[in-house]
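Taken together, the values in this text are just the output of simple stated rules run on the coordinates, not laboratory data. Only a predicted model underlies this, so the values are computations on that prediction, with no experimental measurement involved. No Cβ is skipped: glycine too gets one built from the backbone with ideal geometry, and neighbour counts run over all protein chains shown.
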Amino acid sequence: MPDAGERPDFPRLDRCDLCKAARLTPWHHEDDVCWIAECEICAVPMVVWRFHGTEPPAESISHMRERLREVAR
């Protein structure tokens, strides 16, 4: 998966805990596209796109789903 890097269409916000990747719970995976950690409420692994937004590109979605599958095994 290519590094998304710092692109204007994929921002990161300093005030967002998810963008900052604040380590509030145990982590299972991290790379340049996403990180996977336990949900602080239900302890189920959740995948978080490293950029602020709700519409990641298709290749990022595929990448995140595969990483989540790996963690779930």
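Given +1 at the Cβ of Lys and Arg, -1 at the Cβ of Asp and Glu and no other charges, the dipole of the chain around its Cα centre is 160 debye to the nearest 20. Of the trypsin sites (Lys or Arg not before Pro) found in segment 9-48, those in coil by DSSP whose Cβ has at most 16 other Cβ atoms within 10 Å are Arg12, Arg15, Arg23.
Residue by residue, segment 26-42 carries 3J(HN,Hα) couplings of x, 9, 10, 6, 7, 8, 6, 9, 7, 9, 10, 9, 6, 5, 6, 9, 10 Hz when phi is fed to the Karplus relation 6.51 cos²θ - 1.76 cosθ + 1.60 (θ = phi - 60°); x denotes Gly or Pro. Scaled against 2.2 N^0.38 Å for its residue count N, the alpha carbon radius of gyration of the chain is 1.06.
Can you give the calculated 222 nm mean residue ellipticity of the chain, where each DSSP H run of n ≥ 4 adds -39,500 (n - 2.57) and the sum is split over every residue, rounded to the nearest 500 deg cm²/dmol?
Details: 2 runs with 19 residues, N = 73.
-7500 deg cm²/dmol, from helical runs alone.
Considering only Cys39, Ser60, Trp27, and ranking their Cα positions along the charge dipole of the chain that arises from unit charges at the beta-carbon of Lys, Arg, Asp and Glu, the one farthest toward the positive end is Cys39.
Amide H contacts under 5 Å for His29: Ile36, restricted to partners 5 or more places along the chain or on a different chain, H placed in the peptide plane at 1.01 Å from N.
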